[in-house]
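Asks: Structure in structure tokens, see below.
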């Protein structure tokens, strides 16, 4: 049997080997914490700005809805009978002539698109921006307002009742939507 002779080694103490590993450990932890903190700050700022943009879009849309209401209060027959042919279009399936007025309202650097729909003949209205409006009576107007601020969109729909004898104008229906969501007004007669 072969026996190996024990060998003694004379190790010299080298300074810094443990310190190098400790520096890598602490440095990696600091970088990880800095990246996490930067990510959290970025998301906080982005969500705060998004919240402000959404509320601003809602404010601009409400301003547009109020502007349409003021136009109808000042002129009960607004968008009815005095429109040129470019503002009128025919609805298929029955051929009802629908009056539509689309305009824009600027609020500082933002803008709202406002559409007022009034019926000219029969009891039909038309799809507008994907919103189906059916059987609006002749004494009512449908208002659709859409506003966008920094890509955040809000839409408001409003049905306004107009009493032709007393001149009273009142809001019958008001609803807020995220743009792209469904909506539309359907009276009890359109099942």
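Asks: Filter the range 71-105 down to the residues that are loosely packed, with under 11 Cβ neighbours inside 10 Å and at pLDDT 85 or above and list them by number.
Replies: 74, 104
Asks: What's the number of the only condition in (1) more than 23 Å from the chain's Cα centre (by Cα); (2) farther than 17 Å from residue 70 by Cα; (3) modelled with pLDDT of 65 or more; (4) not in a loop (DSSP other than H, G, I, E, B) that residue 138 fails to meet?
Replies: In the conditions (1) more than 23 Å from the chain's Cα centre (by Cα); (2) farther than 17 Å from residue 70 by Cα; (3) modelled with pLDDT of 65 or more; (4) not in a loop (DSSP other than H, G, I, E, B), residue 138 misses (4) alone.
Asks: All but one of (1) surrounded by 10 or more Cβ atoms within 10 Å (Cβ to Cβ); (2) more than 24 Å from the chain's Cα centre (by Cα); (3) modelled with pLDDT under 95 hold for residue 51, so report the exception by its number.
Replies: (2)
Asks: Oh, and also: Looking at 57, 112, which one is in contact with a helix residue (DSSP H, G or I) (Cβ under 9 Å, 6 or more places away or on another chain), over 19 Å from residue 162 (Cα atoms) and at pLDDT 90 or above?
Replies: 112
Asks: Here's another thing I want to ask about it. Output the qualifying pairs, or none if there are none: Cβ atoms under 7 angstrom, residues six or more apart or on different chains, first residue in the range 147-163 and free of Cβ contacts under 8 Å to residues at least 24 places away in the same chain, second residue not in a strand (DSSP E or B).
Replies: 161/139
Asks: With the checklist (1) under 30 Å from residue 173 (Cα atoms); (2) not in a loop (DSSP other than H, G, I, E, B) in hand, flag the one item residue 76 doesn't pass.
Replies: So residue 76 meets the others, but not (2).
Asks: Can I ask one more? Given the criteria in contact with a strand residue (DSSP E or B) (Cβ under 8 Å, 6 or more places away or on another chain) and surrounded by 10 or more Cβ atoms within 10 Å (Cβ to Cβ), does residue 34 qualify?
Replies: Judged against the criteria, residue 34 is not a match.
The values are calculated or read from the model by the stated rules, or taken from the named source; none is laboratory data. Note that the coordinates shown come from a computational prediction; the quantities given were computed from them, not determined experimentally. Counting neighbours? That spans all protein chains shown, and the Cβs are built from the backbone with ideal geometry, glycine included.
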